[in-house]
Amino acid sequence: MIAHLSALLLASLQVVPQQGTTLPPSPVDRIEVSPRPREITAGDSVRLTVRALDAQGKPVPNATIRYALRSGWGEAAIDSTGLLVASSVGKPIVTITAMVPGSAPKIETVQLRTIPGAPARIELPAKRLTLVVGQSYQLVAGPFSRTNDRSTAAVKWSSGMPAAARVDANGFVTAVAPGKAVLTASAGSATATIPVTVVSALRALSISPSAPSVRQGDVVKFSVKATDASGRAVGGITPTWTFAPGDGQIDAEGSFVAYRPGDYVVTAVGGARSASTVVHVTERDVRRPVSVVGRLPRTAFPTSEVWLHPNGTVAYLGTHGGGDRVYAIDISNPASPRVVDSIVVNTRLVNDMQTTADGNYMVLTREGAADRRNGIVIADIHDPLHPKQIADFTEGLTGGVHSVYLYENPKFGRNVFVTNDGTGAIDVVNLDDPAHPKRAGSWKTDRPDAARYVHDLDIVDGLLYASYWNDGLIILDIGNGKWGGTPSKPVLVSQFKYDLDSLYKEVEDVSGPGFARGTHTAWRQRDGKYVFIGDEVYLNGEVKGAKDASAGRMYGTLQVIDVSDIEHPKSVAWYTPENGGVHNYWVVKDTLYMGAYDAGFHAFDISGELRGDLRAQNREIASLNTADMTGNTANHAFDWGVVVNPKDGLAYVNDFNNGLWIVRIEPKAKPVM
């Protein structure tokens, strides 16, 4: 993503006179922009009309107007005529420059707000409710636009039978008398309903399990049993759940997780009856020491992705910031990694690379080529330490490729899925004959072409998980079969989209609106039900008066998405590094290894059911500050990512600023007796 932000920065720079020259002030006193309303619905476009006026309010006849997007990359685009396309929800800032020959430019910025479209559907938290007379229950409705943006439209509630169950303007339900009611939520033309059954007062209510003992972060799934006045069982009761003290969370289904050790009281309420139990919570106790096994500093260029050859003794390390090569590194002795060779290609950065399962070929990305013929390069790695280019593929990819993922399937052959910087599409290239790659297919989100961007890909069991920046997580069938998708004709399975500006309000508070942010990485858990998605978030400019490492920092959050119902993914947990961001990560069994940018290398425990704030649950296993005086940038950690070698269990950590680290998470220290 760094390359795209650099291009954005260059696009927003204004021409300044050479040192020693001073241009007279512009005759343009102010720039008048219309239309004045600055809210635009995502998916719509508007043409800005601009007049350059002098101090008397008269048009300046020889003024030339230039438009540029200063920030909010990925949310909008503007062309040379002032046509602005609002492609997604955000707060883009447009710079308008009036230039008159022989005078200094006059510059004005326009803050815009692109907003969600009208509600097209409403999501409710449950399919039905069974309440007890006298019970209260809070419902939260989520209105969404056609493009799956959370709408800001107000939700109105009504009850079809208020004598049984009434609901107020905030979705607060009160069970009045035995009977049935249908509650309706409406926003604009969208509606959703939920049936409510109200039962008579209970004789007894009990909760299970009783007095469980768990570690912090473990999820306890509570349930209730209820009987009526005659002693008969009443099934399907929807209790109101509470707990104390307040350092944890419990959901509407009774799934409870504690963040800190101690005793918690969990209570279920059904009308006039309630039941409580104590949960005994001990420390999670997963912290372990780390050691640096080996180190390979790089000084010529920043370093990007690391990938391991299937033989486990060769690593490939990409370069960035003008880098035109991928290093081939002998890691047969992890304590002494050494560069043996490199493959040099026509590019200014290699962001990603991946090898075929048989270890005979490698695909690497190309952005910033001198002749603008970007795309992918295919290398022969039968001799893994001496990769040789045998082909490239540029058709339709000259805007650049940021990430690749190989999908090898007996039915569909060998295909590489690539992210197209120029179109925001996922393109498919067939590599059955690696020396003669050919186009096989393409897919893109249903939104305006302007500013569409897809960053990263993961493929598991014929399903592709795409990190689609402002479009969130996209899941495609590319060969799974259930939805009829193939590599040449992917089929959309589902989308998980969320409000990035709300999630990162802190970034706007400290650096202003229009900051760059988006869904950056997705990793499908191989033996579980979760997809881990992470956001890349940049400050909107440097800290005033600061320099070097203090001038800025990255932000980001990793969300845990439950895809057990893959057509309806939902966020259930999150992890936010302290004083750092989220970049690339790797999962092995119950451990997630993360490159957290400024926060260095982290590993944390993802065992069991995941709910709530994972960092608050003390799930962090290990961390390492990867700042180093030796490297391309001294004394500033900027951890890009990590790959774990199945041959030796070591973490191969690539720091953008200083090269490769080889790290071991040591066994837990024995207590001193």
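The values are calculated or read from the model by the stated rules, or taken from the named source; none is laboratory data. Keep in mind that what you see is a predicted model, and the values were worked out from it rather than measured. FYI the Cβ positions are ideal-geometry reconstructions off the backbone, even for glycines, and counts take in every protein chain you see.
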Exercise. Which condition number in (1) in contact with a Lys or Arg (Cβ under 6 Å, 6 or more places away or on another chain); (2) within 30 Å of THR355 (Cβ to Cβ); (3) outside any strand (DSSP E or B) is the one that PHE301 fails?
Worked result: (1)
Seminar exercise, completed: VAL418 fails exactly one of (1) surrounded by fewer than 24 Cβ atoms within 10 Å (Cβ to Cβ); (2) closer than 13 Å to GLY396 by Cβ; (3) of a type outside the set (Asp, Glu), namely (1)
Exercise. For ALA669, are the conditions met, namely being over 24 Å from ALA328 (Cβ atoms) and over 26 Å from the mean Cα position of the chain (by Cα)?
Worked result: yes
Problem set entry | strands (runs of 3 or more DSSP E) lying entirely in the stretch 524-623 (those with 2 or more residues that are touching a Lys or Arg at 6+ places or on another chain (Cβ under 8 Å) and closer than 16 Å to PHE656 by Cβ) | 530-538
Seminar exercise, completed: All conditions in (1) outside the structural domain of SER159 (by TED's automatic domain parsing); (2) in contact (Cβ under 8 Å) with a residue 40 or more places away in the chain; (3) on the phi < 0 side of the Ramachandran plot; (4) among the aliphatic types (A, V, I, L, M) are true of ILE194 except (1)
Problem set entry | Tabulated pairs, the stretch 580-593, first acidic (Asp, Glu), second surrounded by 18 or more Cβ atoms within 10 Å (Cβ to Cβ) and in a loop (DSSP other than H, G, I, E, B), C-beta under 7 angstrom, 6+ apart or interchain | ASP590/ILE606
Exercise. Only one residue in ARG288, ARG295, ARG260 is part of a loop (DSSP other than H, G, I, E, B), modelled with pLDDT of 95 or more and either of a type in the set (Phe, Trp, Tyr) or closer than 30 Å to ASP648 by Cα (or both), so which one is that?
Worked result: ARG288
Exercise. Which one of GLY399, GLY481 is on the phi > 0 side of the Ramachandran plot and either in a strand (DSSP E or B) or surrounded by fewer than 20 Cβ atoms within 10 Å (Cβ to Cβ) (or both)?
Worked result: GLY481
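What residue, of GLY312, GLY318, is small (Gly, Ala, Ser) and outside any strand (DSSP E or B)? Explain how you work it out, then say what you get.
Details: GLY318 fails: outside any strand (DSSP E or B).
After applying the criteria, what remains is GLY312.
Do we have ALA229 as farther than 30 Å from ARG284 by Cα, at pLDDT 95 or above, part of a loop (DSSP other than H, G, I, E, B) and hydrophobic (A, V, I, L, M, F, W, C) here?
On the way: farther than 30 Å from ARG284 by Cα: yes; at pLDDT 95 or above: no; part of a loop (DSSP other than H, G, I, E, B): yes; hydrophobic (A, V, I, L, M, F, W, C): yes.
Answer is no for this residue.
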For this session: Looking only at the stretch 338-351, decide whether some residue is in a strand (DSSP E or B), under 30 Å from the mean Cα position of the chain (by Cα) and in contact (Cβ under 8 Å) with a residue 24 or more places away in the chain.
Result: yes
Exercise. Taking the stated definitions as given, is ALA435 part of a loop (DSSP other than H, G, I, E, B) and either touching a Ser or Thr at 6+ places or on another chain (Cβ under 9 Å) or among the hydrophobic types (A, V, I, L, M, F, W, C) (or both)?
Worked result: yes
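Do you know which residues across the stretch 455-512 are hydroxyl-bearing (Ser, Thr, Tyr) and over 24 Å from ALA440 (Cα atoms)? Quick ask: steps written out before the conclusion?
Taking the stretch 455-512 first, the residues hydroxyl-bearing (Ser, Thr, Tyr) are 465, 467-468, 486, 488, 494, 498, 502, 504, 511.
Correct list: TYR498, SER502, TYR504, SER511.
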Exercise. What number of residues in the stretch 488-504 are assigned to a helix (DSSP H, G or I) and surrounded by fewer than 21 Cβ atoms within 10 Å (Cβ to Cβ)?
Worked result: 3
Problem set entry | Hits in the stretch 629-639 - residues which are under 25 Å from HIS309 (Cβ atoms) and surrounded by fewer than 24 Cβ atoms within 10 Å (Cβ to Cβ) | GLY631, ASN632
For this session: Residues being at pLDDT 50 or above and in a helix (DSSP H, G or I): count how many of those fall in the stretch 6-46.
Result: 0
Exercise. So, in the stretch 450-464, of the ones that are on the phi < 0 side of the Ramachandran plot, touching a residue at least 60 places away in the same chain (Cβ under 8 Å) and in a loop (DSSP other than H, G, I, E, B), which residue ends up surrounded by the fewest Cβ atoms within 10 Å (Cβ to Cβ)?
Worked result: ALA450
Exercise. List, please: which pairs have Cβ atoms under 9 Å, are six or more places apart or on different chains, and start with a residue in the stretch 644-655 that is closer than 16 Å to THR626 by Cα and end with one that is small (Gly, Ala, Ser) and not in a strand (DSSP E or B)?
Worked result: VAL653/GLY600; ASP655/GLY600; ASP655/ALA627; ASP655/GLY631; ASP655/ALA637
For this session: Show the residue pairs that are 6+ apart or on different chains and have beta-carbon atoms under 8 Å apart, the first residue being within the stretch 257-271 and free of Cβ contacts under 8 Å to residues at least 24 places away in the same chain and over 18 Å from ALA201 (Cβ atoms), the second being surrounded by fewer than 22 Cβ atoms within 10 Å (Cβ to Cβ) and of a type in the set (Gly, Ala, Ser).
Result: TYR264/ALA244; VAL265/ALA244; VAL265/SER276
For this session: Kindly state which strands (runs of 3 or more DSSP E) lie completely within the stretch 106-160 and contain at least 1 residues that are of a type in the set (Gly, Ala, Ser).
Result: 119-123, 136-138, 142-145, 156-159
Exercise. Does LEU503 satisfy the criteria of being in the same structural domain as TYR407 (by TED's automatic domain parsing) and under 20 Å from ILE566 (Cα atoms)?
Worked result: no
Seminar exercise, completed: Apart from one, (1) part of a strand (DSSP E or B); (2) touching an Asp or Glu at 6+ places or on another chain (Cβ under 7 Å) all hold for ALA379; the odd one out is (2)
